[in-house]
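Trainee: Can you read through this structure? Questions will come right after.
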Ligand code: ATR
């Protein structure tokens, strides 16, 4: 990377940020396209979010990704919020030219799944009802799923999310204990829970191979490890696995497009992510 007086800066704000995969992914893309852009990570204390946004604008920074714990707080300091990001209630991408906030997490999951199957008219089961589920479930509905069933340990939380998603008619909530019955009738299973995430790689998967079917697409939002317990079960069942790293890849690709107006080299970004994962 050759940083010059003319270099356009984009970056990440969060707390902490030092283990982020985004800098190597975006910088690999900028290098491959010979673009005069650089991506850096900024650890921003929760007390300083407002001054970080104002300062970035003053410094002519072109864009930010936003991660935990600032995704909700930053919304207060923007001029405009993309419609679905507003429904989700969280922003992970800021374009400083327009001072507009977007949420590319959900689009990332949709694009990852759409490498394997179209979401339109599909019956989708989503496990978990936290921030990741919220971002993904809204986009699944927006992309024309026939039904979305949100399963969670805490059913009230699942019901509250289901009530918010009024983009399609058939949105339900249930206990994650009843997952077998729901998955039997589903086309796509999305796991947004942290089950199987490093270091808990030997957790029991939320559902076993015996209770999956061959036509099922199984997406695990966990990307560390790459092959989670759930993905292992999906492979055992001859179902169609979608790896969490793809969501990371496509959310980054969407952010890249928003900032630069260019199509990113997705294969280069994926290689950079894989190198960083190992
Ligand atoms: P994220 O931003 O990654 O979505 P989160 O907002 O903390 O994280 O949400 C985590 C989700 O995973 C929640 O839905 C949580 O369920 P509860 O609301 O019932 O707590 C779910 N979750 C966490 N650990 C889990 C486990 N061991 N089994 C099943 N679900 C789990």
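Trainee: Counting only residues that are surrounded by 12 or more Cβ atoms within 10 Å (Cβ to Cβ) and in contact (Cβ under 8 Å) with a residue 60 or more places away in the chain, which one in region 168-193 is nearest to the ligand (Cβ to nearest atom)?
Mentor: 193
Trainee: Identify, from the list 111, 142, 100, 120, the residue that is more than 16 Å from the ligand (Cβ to nearest atom) and under 19 Å from residue 248 (Cα atoms). Working first, answer last.
Mentor: Details: 142 fails: under 19 Å from residue 248 (Cα atoms); 100 fails: under 19 Å from residue 248 (Cα atoms); 120 fails: under 19 Å from residue 248 (Cα atoms).
Just a single option satisfies the conditions, and that option is 111.
Trainee: It is to be established whether one or more residues within region 152-159 are more than 11 Å from the ligand (Cβ to nearest atom), within 22 Å of the chain's Cα centre (by Cα), in a helix (DSSP H, G or I) and modelled with pLDDT of 95 or more.
Mentor: Step one: list which residues in region 152-159 are more than 11 Å from the ligand (Cβ to nearest atom), which gives 159.
So of that shortlist, the ones also within 22 Å of the chain's Cα centre (by Cα) come out as 159.
Among the residues that remain, those that are also in a helix (DSSP H, G or I) are: 159.
Those left that are additionally modelled with pLDDT of 95 or more: 159.
Within region 152-159, one or more residues are more than 11 Å from the ligand (Cβ to nearest atom), within 22 Å of the chain's Cα centre (by Cα), in a helix (DSSP H, G or I) and modelled with pLDDT of 95 or more.
Trainee: Taking the conditions exactly as written (touching a residue at least 60 places away in the same chain (Cβ under 8 Å), surrounded by 19 or more Cβ atoms within 10 Å (Cβ to Cβ) and within 11 Å of the ligand (Cβ to nearest atom)), does residue 95 satisfy them or not? Working first, answer last.
Mentor: Numbers: touching a residue at least 60 places away in the same chain (Cβ under 8 Å): yes; surrounded by 19 or more Cβ atoms within 10 Å (Cβ to Cβ): yes; within 11 Å of the ligand (Cβ to nearest atom): no.
So residue 95 fails the test.
Trainee: Continuing with this model, one more query. When both residues are 6+ apart or on different chains and their Cβ atoms are under 9 Å apart, which pairs have a first residue that lies in region 47-71 and is closer than 21 Å to residue 256 by Cα and without any contact (Cβ under 8 Å) to a residue 40 or more places away in the chain, and a second that is within 16 Å of the ligand (Cβ to nearest atom) and part of a helix (DSSP H, G or I)?
Mentor: Close Cβ pairs satisfying both conditions: 52/74.
Trainee: Conditions first: (1) at pLDDT 95 or above; (2) within 14 Å of the ligand (Cβ to nearest atom). Residue 131 passes all but one, so which condition is the exception?
Mentor: (1) is the only condition that residue 131 fails.
The values are calculated or read from the model by the stated rules, or taken from the named source; none is laboratory data. Everything numeric in this text was worked out from a predicted model, so none of it was measured. Ideal geometry is used to build each Cβ from the backbone, glycine not excepted, and the neighbour counts take in all protein chains shown.
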